[in-house]
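Peer 1: Just passing along the structure, written as structure tokens.
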Amino acid sequence: MFFSATHCCFIRKVIWWRAAASIAWSVLLLPPTTAVFVMLSTFSFLHPIQTITDCLALLTSASSVFSFILLGGVVIMVGFLTLEYYTVIPTIACSKIALLGQLLQPRQVVNSFAHCLMGMIVGWCCAVAVGHRYETLGYPGKSSDGHPRMCLNEYHLVFLLAGAFVGFSHSLLGVIHNINYVSFHTVQQYKYLHFKGSLPLVVKCSSIEAFYAVRNFIVVYFFLGYIPKTWICKTLNLHLDSSVHPLDSIAGVVDLSLLYHLWISATFLLFTWYITLLLFRIFVTEVYSFPVQLTFTEDSHQCLPKVLTDNQPMILKFLALQDLALLSKHSPSRRREVFSLSQPGGHPHNWNTVSKECLALLTDLTQRLATYHETVATNGRAKSLSSGSERKTSSETSVTSSTEDLMSPRPAFPVKTPASVFARSIAGGPHSPLTAPFTPDLDSPFASPALRRLTAPMDQCSPWYGSVQSPHIMRRAPKLWSTSTESQVNGSPPPSPASVSSPKQEAAKPSFLAQFLQNRKEQVKSFMAKRVLIMYLLNKLPEASSQALFADSQAHIWALEALSYLVQASFTEDQYGVVQTTLPSILSSMLHLQEAVDRHFKLPHASSKPLRSTNSMEDFTYKTLRFALRATLKTAIYRITTTFGNHLKAVQMSAEHRKRLQQFLEFKE
């Protein structure tokens, strides 16, 4: 990603310095953390004083100094990777195959390899710190005939492999749980208080994740441990000591001392890495105050209105929106700068830029929601028709059934499994009965042959082709927030087969090659639909579509707060009335967004809150952004209506919006 000189200057002066400060604090916290680890790994209840003396001697030895240097390098590398891979907008995979694609990206493969290597280095440092039987990879032994030889110390090898395994699993879980996602907290805290409050969570998450990582490693090593053991012996010319039980056996697995040291070492590894991540989150999300306006024009690119208009890097835009939301709420002096007029000329450039950017964010989200709803609505109509034909009974297909029963506005079928919302196929067009909102579309590999035959285009010779022949029977097209067909919008009946000329039909007929390829494509899809693994990978994840739609809603939340607080303050602080010129646009945008959000929460899984896990460092903020946006939007509208009251009746807006606004004025929303 290439940024302009202004953005690079901001990254160097702000982001890099904040990241460097977080890494420096992580390195400074490394000696006390290592001392606690050594104490816990070598402590003896029978000889406590001797244990403390041995720990002090070990921490001041030459090998420990070298281990400190290696651990410091690992922490610096972890901080650098965090700076390289962090994001303020999470990447949400909507299916298992999409998540697998994220894990197999070349950039992620490099990251996993780096964490694997760093885990092995930390494992070596832990083995040296614990000492005794874990200290070296080889030790002198004797063969069966009495000749001296170097034997493999499998305990040391297990420490190295366990470190690599924990590092690799940590990298994979980071992608699955969006560990590198950096969220901005609603309540601002001092860095020390934030760190102290999060420290127990880091200890808990590190110990729990280390337990599961060691458990998985023991299982893998029990079945595949002979592979690295044989390769190391052949490469380094080492031998296996037959008098020692191998660790990839039942006797080796139940070694409680080994399991404890592996667990405490994995906890130490994850704790140091999570501390680095926590400090990076705290430092990077610290509030940065942008000047609203500057005297010298050469520094105008640093002003808040100018920064708001830039979309890259996203951390810069998020910090600017955060500062705008805070100044609109807490800083009267900076609000006056936003309401001020330019000299000379007397134009409200600051307000125009700020309001335009905030309204653009709200309009963009509204359009995304509208497009998403139209897609779902089209899919719902197609699936309702196809499933209705599949669930017909003899009484429903009878020609003598009553017209009132057919015209009743009841749903065609109950929704059985609303697991996810599937996107409409672009190639299908608005009239193509291809997809459905709650089940896989007919072009996907999930569609059954029976369903595909039922929803296939009808023969022109069929009496049911085109318009319905019987005057006593009407087709029922269920609607989902929009009309079923364009003909219903225009009020015209669907075209009859006689109105379509046969030459045009012959011209639109696909060629033999296209039809052949389409048939082969359908055969491949039908074959893949019978494979359980393929269906598992391609199935949509619950709530994923909704979470991805609101992934960047933190920016919209700040925009709503900034607009509402500025409009509220303008009632008493806006001396020139600059806000009144855009008040109709602000209210219309908020009401449009309110309507789109309310419509979205009627979809399946959109209103279900995910369970928050307290055993992971995953930030769950992005999973609940849609609820925060809905609450912020309603609060913003109430903030404006309670301030202006009946004065809003003089604002020009549509009749529908005026009716909706009246509900807020009467506190009925």
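Peer 1: What is the distance, in nm, between label points placed 7 Å from the Cα along the Cα-to-Cβ direction at residue 293 and at residue 230?
Peer 2: My value for the distance between the label points is 7.8 nm.
Peer 1: When only Cα pairs under 8 Å and 6 or more residues apart are kept, what is the percent relative contact order across region 231-361?
Peer 2: In percent, rounded to a whole number, it is 15.
Peer 1: Want the number for residue 208 to residue 624: 0.36 nm per residue separation, take away the alpha-carbon distance, what's left?
Peer 2: Length gained, residue 208 through residue 624: 147.3 nm.
Peer 1: What is the magnitude of the charge dipole of region 191-251 about its Cα centre, with +1 placed on the Cβ of each Lys and Arg, -1 on the Cβ of each Asp and Glu, and no other charges, expressed in debye to the nearest 20?
Peer 2: With Lys and Arg at +1 and Asp and Glu at -1, about 340 debye.
Peer 1: May I ask for the net charge around residue 559, where only other residues with Cβ less than 12 Å from the Cβ of residue 559 are counted and Lys, Arg are +1 while Asp, Glu are -1?
Peer 2: Net charge in that neighbourhood comes out at -2.
Peer 1: Here is a further query. With the cut-off at 18 Å, tell me which of the pairs 306/634; 329/668; 13/317; 634/659; 540/623; 329/623 have Cα atoms farther apart than that.
Peer 2: From 306/634; 329/668; 13/317; 634/659; 540/623; 329/623, over 18 Å: 306/634; 329/668; 329/623.
Peer 1: Kindly list the residues of region 223-252 that lie in the label zone of residue 150, defined by a backbone N under 19 Å from the point 7 Å along the Cα-to-C-beta vector.
Peer 2: Inside the label zone: 228-242.
Peer 1: OK, next. Quick check: at a probe of 1.4 Å, how many percent of the accessible area of region 65-134 sits on carbon and sulfur atoms?
Peer 2: Here carbon and sulfur together make up 77 percent of the probe-accessible area.
Peer 1: Another question about this same structure. What does the extension gain come out to for residue 260 and residue 35, with contour length at 0.36 nm per residue minus their alpha carbon separation?
Peer 2: Length difference between fully extended and current span is 79.3 nm.
Peer 1: Add +1 for every Lys or Arg and -1 for every Asp or Glu among the other residues with Cβ under 11 Å from the Cβ of residue 570, and state the total.
Peer 2: Overall, the nearby charge balance is 0.
Peer 1: So what are the ³J(HN,Hα) numbers for region 529-540, from phi and the Karplus equation (6.51, -1.76, 1.60; θ = phi - 60°), rounded to whole Hz, Gly and Pro as x?
Peer 2: Working through the residues one at a time gives 5, 8, 9, 5, 5, 5, 5, 5, 6, 8, 5, 6 Hz.
Peer 1: Counting Lys and Arg as +1 and Asp and Glu as -1, each charge on the Cβ, what is the dipole of region 525-669 about the Cα centre in debye, to the nearest 20?
Peer 2: It works out to roughly 860 debye.
Peer 1: ³J(HN,Hα) across region 143-152 via Karplus (A = 6.51, B = -1.76, C = 1.60, θ = phi - 60°), whole Hz, x for Gly/Pro?
Peer 2: Listing the rounded values in order: 7, 5, 9, x, 7, x, 7, 8, 10, 7 Hz.
Peer 1: Still on this model: Amide H neighbours of residue 95 under 5 Å, counting only residues 5+ apart in sequence or on other chains, H built in-plane at 1.01 Å?
Peer 2: 541
Peer 1: Another question about this same structure. For region 101-177, evaluate the Debye formula with one uniform point scatterer on each Cα (no solvent term) and list log10 I(q)/I(0) at q = 0.15, 0.16, 0.25 Å⁻¹, rounded to two decimals.
Peer 2: For region 101-177, the Cα-only Debye profile gives -0.61, -0.65, -1.01.
Peer 1: How much length is gained if the chain between residue 70 and residue 523 is pulled fully straight, taking 0.36 nm per residue apart and subtracting their Cα-Cα distance, in nm to one decimal?
Peer 2: Going from the current span to full extension adds 157.4 nm.
Peer 1: Counting alpha carbon pairs within less than 8 Å and at least 6 residues apart, what relative contact order, in whole percent, applies to region 123-187?
Peer 2: Relative contact order, region 123-187: 28 percent.
Peer 1: Go from 0 up to the bin containing the longest alpha carbon distance in region 190-240, width 10 Å each, and give me the % of pairs per bin.
Peer 2: 21, 24, 21, 17, 14, 3
Peer 1: A follow-up question, please. Just to confirm the filter: which chymotrypsin sites (Phe, Trp or Tyr not before Pro) across region 153-228 are DSSP coil and have at most 15 other Cβ within 10 angstrom of their Cβ?
Peer 2: Answer in residue order: 190.
Peer 1: Can you work out ³J(HN,Hα) from phi for every residue in region 91-100, in order, using Karplus 6.51 cos²θ - 1.76 cosθ + 1.60 and θ = phi - 60°, giving whole Hz and x for Gly and Pro?
Peer 2: Per-residue couplings from phi come out as 9, 10, 7, 8, 8, 5, 5, 5, 5, 5 Hz.
Peer 1: Same structure, new question: When only Cα pairs under 8 Å and 6 or more residues apart are kept, what is the percent relative contact order across region 66-152?
Peer 2: It comes to 23 percent, rounded to a whole number.
Peer 1: Once the Cα atoms of region 527-567 are picked out, what are the Rg and Dmax in Å?
Peer 2: 19.1, 60
The values are calculated or read from the model by the stated rules, or taken from the named source; none is laboratory data. A quick note: this is a predicted structure, and the numbers were derived from the prediction, not measured. Note that we place each Cβ from the backbone using ideal geometry, even for glycine, and neighbour counts take in every protein chain shown. Remember, those area values only see protein heavy atoms, side chains included, never the ligands or the DNA or RNA. Shrake-Rupley method; radii C 1.70, N 1.55, O 1.52, S 1.80 Å.
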